[in-house]
Every structure is written in structure tokens, then in C-alpha cells.
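Comments concern the structure below.
Any read-out appearing in this document is the output of simple, stated calculations on the displayed coordinates, not a laboratory observation. The model shown is predicted, which means the values in this text are computed figures rather than measured ones. Don't worry about glycine lacking a Cβ; one is built from the backbone with ideal geometry, like all the others, and counts go over all protein chains shown.
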Amino acid sequence: MAELLLEMKNISKSFPGVKVLDGVELRLERGEVLALMGENGAGKSTLMKILGGIYSKDQGTITVKGQQLEQMTTATAAKMGIAIIHQELNLIPHLSIMENMFLGREFTIGKTKWINWRLMRKEAQKYLDQLGIQLDPATLVGELSVGQQQMIEIAKALSMQADILVLDEPTAALTNREIESLFEVIHSLREKGVGMIYISHRMEEIFQICDRITVLRDGQFVGTKRTSETSMDEIVRMMVGREITERFPKIEVQLGAERLRLEGVSRTGKLHQISFSVRGGEILGIAGLMGAGRTELARVLFGADPIDQGRIFIDGQEVRIKKPRDAIRAGIALVTEDRKEEGLVLSQTIRENLALPNLGRLSAGGFLQFGKEKSLTEEMIRSLLIKAHSGEQTVGSLSGGNQQKVVIGKWLATRPKILILDEPTRGVDIGAKKEIYDLMNRLVKEGVAIIMISSEMPEVLGMSDRILVMHEGRITGEFSREEATQEKIMHAAAGGGNSYAS
Ligand SMILES: Nc1ncnc2c1ncn2[C@@H]1O[C@H](COP(=O)(O)OP(=O)(O)OP(=O)(O)O)[C@@H](O)[C@H]1O
Ligand SMILES: [Mg+2]
């Protein structure tokens, strides 16, 4: 039997008023990848923060390489070879990649305090190369995409030479190519005897790279299974405590009149001659690779970026959308892919976040009406099944998936005619995904037109009435629900062959 690297036993933890972990256990062997699974709010990140010494446990024992540790601190964790890549990124934007990587352990020249930049650059380069990241180590982190920042976090963890490595939803913002190089790194680390704890909501990934799976539900330990001896269905059942029969509950809706039409919309260098329309009751999926211009399209429709050319019509009337306010007034809502950057104010409560784009509707005579705000909050918590103690909880203390639901709730409350969802289920667990799909069904039934940008192929195929594919700012494919296949979409997304006409 392989050496036991880590054992966490009977771990419990409460935050004021709630018990979030209750008698949880976890064992990690040398050279294995252990998946930690559970619905949003199950306690996965909290357990890992206890391991990293960020939160203290109320109860239980942690044994690392045979040594039982009373209370974990961040310093002990680092000393014991534990590195954690947290779900929320922790890099400093105005520092360079290499400065971030070696923060607090900079290389100095001899015994002086002078930083040895050459060595630091060389070391940083080594880890970037290992991950196949083509970036200059002197680049400021603030200039990187979320996916690139995620890769830098991984490079940083590698540079710490940890033998216990935790990856909390590392792939949520990565491109397929980045995911592949990450998986290669995971394989080679496993060969070297590193033990890894891998958190993800993507079932296919888990079954591809993990040896065993530990499942939590509502802060409780449900069980651990060998991947080779279980099935996705069994794991889902363990996570949610019930059967989820249909992953994509798409319903048939009678399509209404045209809601939105674009004619030759262009933005220099980003979007070229985009023309399409969406009808009430329709779900239009937009597929494409990262950087294909999908988010840019969402931004111009929402007035976050100007267009240079082209016309936009809503309900047959030409509209000019210069700023987000114009878009909201015209009945457009946008759920952004980057909830931390644009979607939410983490230090504010659920109620305050929900109120933000709805100030008009929630005020009377220029005053915000607390009663209306409160009932809106309660309605959203109830209908979206947001897991929170109350509407007064700060959004920053919610689990990742529940934060995503608050972003959606905030825009639903504006009662949009056209709802743009950019990666709506990223980081969202299987049960909550289904709730978001059910919600989309409810909206289209009411005549809302939905534009759903997504990189998850099963979701695009499962929920769209029609699919547009983008490549380098152009539409390179259009498929009806019936004719769409993964292969056709990938082909168009790679820019190859125009299937538009066929
Ligand atoms: N600092 C905090 N204060 C109060 N409650 C908290 C705090 N941090 C986490 N919680 C609560 O603990 C519970 C578990 O959260 P945790 O982030 O561990 O979930 P998770 O399993 O990582 O979920 P996800 O898949 O959405 O990331 C949630 O209900 C959350 O609201
Ligand atoms: Mg989490």
C-alpha cells in the first residue's frame, strides 16, 4: 500500500450560526489524485482552507506524513509541503508574473537584500515552460486573462515543490488547450509521488484523471469510491441524495416574434459583420473557442463597448445602445462570465447586490424601499434555491456556485426581454445547473429570448434551439437543434469550412 500523505479525521467547523462541516474525513496517498466532490456549499473549499491553515477547525485531527498537527497555520502548511490553488485567485495585479510566483521568497544575491532578477526570471521561466505557457515572466498579472492567471497560480504552486497539492476548481476558466497541459502536469506530478486533491464540478474530468472520489453533502462525509469501481450516476446520487434523471431538461416552446436582430454589426479588430436574429421563446446558443469574440458580442449588445458599424433592432425598432443603461432600458440583461470582476460586489449583502440594477423599480420618490428590496431578495433566494443563512449574508461568504446564482437573480429581477447568459453554469454543481436550465425554460415560456454563450458542449447541444458558432470575430456556422453535432461545431469553431450554407 502506498504511503499515506494526509489524513483528516472527524473535522467539524461552524461559522456563526451554521455548521458547515460535520465529522468529515479524507485520506490522500502518495502519487494519487483524489477528487473532492459535492454540491455548491457542501463544504469542499472550507475543508481545504482548514488544511491550508486559513480557517481553524473546531474539532478533528489532521495528520500529515505521520505527524499529527494540533492547529494548522499557513506557515505549517507550507513547511509540510502543502500548496493550495484556491478557487478565487490570489494574485496581485500590479506585480509581474515572477514577482507573484516568488512573493515572500524572492531570490537575493548572496547575503544581501538585492533581488537576483536574473535568477528569478530563469526560475519563473522554467515553471512556465513546464506548463507550456508562452508569457514573459515580467508581464504584469493585471494584463492577463482569468485563464492565464489561473495557470500562473498553478505554476506558483509547482515552484513550491509541494507534495500535497490542492486544486480547487482549476479548470473553470481554462481553455481546452490549457486544460490539456494541466492534465499532463498532473500526470507527471503523480509519477513523482505528489498527492493531489482535485475539486471540480465537471464529471467527465473527474473520471478522466482521478483515482478515488470523496463525496460531501451538506458538510457531511458521504463516502469514498474508487473511480474504476463506481459510475457517474452513483456519484451524482451520493452528491445530491436523489436521482437526477435529465441533465438537460429542454422543453418545446412555440417561438414568438423576432425580438432582437443584428445587421452587419462590427467592431474593429473584434467583431466582423455579425448578423443574426433571435425570437421570443428561443434559446440561441453561441459556441466557439475562447477568444472567438463571443464575450465581445455580449459586451456590445449590453452597451459596455461601442460598435463601429451595423444596426441593432429590438422588437423591430432600431435602437442605439451606448451604455449599459440604454441596454437595461431596452430590456436587455447580461449575466457576465466573470462574476468577481463585473458581476458582484463581494463585500455587500445578497440584498444589496440584487438591488443594484433594479434601483428604479425598488424606489419610490427617489427613496429605496427596504420592504420591496427585502421581498425581492426573499423571492430570489427561494426561486433560485440560493444556499444562504439570510439575505443579509455578504456575497463574498457564499460558495462559488451560490454567488453565480446571485448574479443571475440580479438580472432576472430586471424582467428582461432579452437575456444574455455568458457561461451561465461555470462552477455550478449538477443540481444547481438543472435549476438554472429549469429557470431558462420558465423564461422562454414567458416569451423571453435567451442568448447563451457557453464553452460546455453538452450544455450547448442540450439546451439550444439553434446554435451559432464564432471564430475570430465572425460567425462561421449556424445549426438547428436537430442538425447540430459536436463534430460540426468543433469544425466551425476552428474556422475550418463554412457550414453556414449547408
Ligand atoms: N467566511 C464564511 N462565513 C460564513 N459562512 C461561510 C464562510 N465561508 C463559507 N461559508 C459557508 O459555508 C458553506 C460551505 O461553503 P464552501 O465554500 O466550503 O462550499 P463549496 O463546497 O466549496 O461550494 P462550491 O462548489 O460552490 O465552491 C456555505 O454554505 C457557505 O455559505
Ligand atoms: Mg468551493
- request: Given a cut-off of 18 Å, name the pairs among K79/K122; K387/K434; K13/K49; K9/K57 whose C-alpha atoms lie farther apart than that in the structure shown.
  value: K79/K122
- request: Report the Stokes-Einstein translational diffusion coefficient (µm² s⁻¹, integer) for the range 402-492, Rh taken as the Kirkwood radius over Cα pairs, at 10 °C with viscosity 1.306 mPa s.
  value: 113
- prompt: With charges only on Cβ, +1 for K and R and -1 for D and E, what is the dipole size of the range 4-240 about its Cα centre, in debye, rounded to 20?
  reply: 800
- line: Final fewest-first order of R247, R226 on the 10 Å Cβ neighbour count is R226, R247
message: So for the range 315-450, averaging the separation of alpha carbon pairs under 8 Å that are six or more residues apart and normalising by length, what relative contact order in percent results?
response: 33
query: Running Debye on the chain with equal point scatterers at the Cα sites and no solvent, what base-10 log of I(q)/I(0) appears at q = 0.06, 0.09, 0.13 Å⁻¹?
result: -0.30, -0.68, -1.36
task: Ratio to report: Rg/Rh of the range 4-240, with Cα atoms as the point set and Rh obtained by the Kirkwood method; give two decimals.
output: 0.98
- prompt: So what are the three principal axis dimensions of the range 113-162 from its Cα atoms, in whole Å, longest to shortest?
  reply: 33, 26, 17
- prompt: Normalised by the residues of the chain, what does the relative contact order come to in percent, with Cα pairs under 8 Å and at least six apart?
  reply: 15
message: Run the Debye formula on the Cα coordinates of the range 292-406, all scatterers equal and no solvent, and tell me log10 I(q)/I(0) at q = 0.09, 0.12, 0.16 1/Å.
response: -0.30, -0.53, -0.86
statement: Proxy exposure order for W117, W411 (fewest C-beta within 10 Å first) is W117, W411
query: For the chain, with the dipole built from +1 on Lys and Arg beta-carbon atoms and -1 on Asp and Glu ones, taken about the Cα centre, which of V33, I235, I54 lies farthest toward the positive end?
result: I54
query: For the range 386-498, what relative contact order do you get, as a whole percent, if you take Cα pairs closer than 8 Å and at least 6 residues apart?
result: 18
message: Using Cβ counts within 10 Å as a stand-in for footprinting exposure, how do H201, H86, H471, H94 rank, fewest first?
response: H94, H86, H471, H201
- line: Reduced to Cα centres, the span from the range 120-183 to the range 283-336 in Å works out to 32
field: Overall dimensions of the range 21-127 by Cα: Rg and Dmax, Å
entry: 17.3, 50
- request: Only helical DSSP H runs with n ≥ 4 go in: add -39500 (n - 2.57) per run for the chain, normalise by residue count and round the 222 nm mean residue ellipticity to 500 deg cm²/dmol.
  value: -9000 deg cm²/dmol
